[in-house]
Amino acid sequence: MPKLDFQASVNYRAPQTTGQGSNKSMYSIDLSLAKDILGGKGTLVASVRDLLNSRKRRSIVETETLYSESEFQWRARQFLLSFTYRINQKKKRSGRPSGGD
């Protein structure tokens with residue numbers, strides 16, 4: 001069975017009260033799959049950033065004379081495909097003990 005490496009990142013920022021209003025909660029999910037190919041000399045990675053298209057900053061400003069709601073979205077959902085080819089070099093695995101030199 002082919003070996004795939006999977007990585008997920010979930011970010012959450014709780015709602016906050018500010019001096020002039022509030023910031024609503026913010027969350028996002030990033031996922032990626034990686035597969036070594038070409039006898040370990042290459043790696044193919046497919047990933048998605050902001051899977052739910054929810055990475056938005058939403059805030060409310062409320063004073064005696066002003067009420068304003070705003071929403072700002074960084075880049076919308078992105079799909080990425082990357083390829084790495086290692087010439088005369090072995091893949092380095094971080095966080096795992098090596099079997100020797």
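Put simply, the convex hull of the Cα atoms in the chain casts, on average, a shadow of 10.1 nm².
Its residues counted as N, segment 19-58 yields a C-alpha radius of gyration over 2.2 N^0.38 Å of 1.96. The residues ILE87, ILE29, sorted by heavy-atom accessible surface at 1.4 Å with ligands and nucleic acids left out, run ILE87, ILE29 from largest to smallest.
Restricting the trypsin sites (Lys or Arg not before Pro) of segment 6-96 to loop positions (DSSP other than H, G, I, E, B) with no more than 10 neighbouring Cβ atoms within 10 Å leaves ARG75, LYS90, LYS92, ARG93.
Other residues lying with their Cβ under 10 Å from the Cβ of LYS56 contribute a combined charge of +2, Lys and Arg counting +1, Asp and Glu -1.
Highest mobility in the GNM of the chain, judged by mean-square fluctuation with C-alpha springs under 10 Å and restricted to THR65, THR17, THR43, is found for THR65. In the frame of its principal axes, segment 1-43 has Cα extents of 58, 19, 6 Å, reported largest first. When the chymotrypsin sites (Phe, Trp or Tyr not before Pro) in segment 1-76 are filtered for DSSP coil states and for at most 11 other beta-carbon atoms within 10 Å of their beta-carbon, the remaining sites are TRP74.
The values are calculated or read from the model by the stated rules, or taken from the named source; none is laboratory data. None of these values were measured; they are calculated from a predicted model. Because the Cβ atoms are built from the backbone with ideal geometry, glycine has one as well, and the counts that use them run over all protein chains shown. Please note that ligands, DNA and RNA were not included when accessible areas were found on the heavy atoms of the full protein model with its side chains. Shrake-Rupley method; radii C 1.70, N 1.55, O 1.52, S 1.80 Å.
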